Amino acid sequence: MNDFRAVLAIFLFATGVYFIIDMFMYGFNWSLLIFSIIAFLLAHIIWPPKRDGESSWYDILELLVDLPYQGMAMMIRGVGKIFKNGDVGLDL
């Protein structure tokens, strides 16, 4: 079952990458952006939990599939840190 979840997560990751590439080649489209974000989030959620004794290829695939999610999470956390305090401290 874990292999099926990994294959499904890789498929969702590839779909999200395809949507991003399509968006860069043919112009910006909100629906493609939303679908790619959803595909990356689902790939992160579906990826099977880590177990001892897995091969290094499995770890590399996990890193690759999880990279877009980690990037999105880092950006959201960064924006949250800016607005965490009542006084933003940004001078315009």
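Residue check: residue 43 meets all listed conditions (1) open to solvent by less than 70 Å² (accessible area, probe 1.4 Å); (2) of a type in the set (A, V, I, L, M, F, W, C); (3) outside any helix (DSSP H, G or I) but one, namely (3).
Restricting attention to segment 2-40, report how many residues are at negative phi and not in a helix (DSSP H, G or I).
2
Pairing each residue of segment 1-14 that is more than 16 Å from residue 40 (Cβ to Cβ) with any residue that is open to solvent by 40 Å² or more (accessible area, probe 1.4 Å) and not in a helix (DSSP H, G or I), provided the two are 6+ apart or on different chains, yields C-beta distances under 8 Å for 2/51.
Looking at segment 49-63, can you tell me whether even one residue there is among the charged types (D, E, K, R), surrounded by 10 or more Cβ atoms within 10 Å (Cβ to Cβ) and assigned to a helix (DSSP H, G or I)?
Within segment 49-63, one or more residues are among the charged types (D, E, K, R), surrounded by 10 or more Cβ atoms within 10 Å (Cβ to Cβ) and assigned to a helix (DSSP H, G or I).
The values are calculated or read from the model by the stated rules, or taken from the named source; none is laboratory data. Everything numeric here is computed off the predicted structure, so don't read it as measured data. Note: ideal-geometry Cβ built from the backbone for every residue, glycine included; neighbour counts use all protein chains shown. Surface accessibility is based on the protein's heavy atoms, side chains included, excluding ligands, DNA and RNA. Shrake-Rupley method; radii C 1.70, N 1.55, O 1.52, S 1.80 Å.
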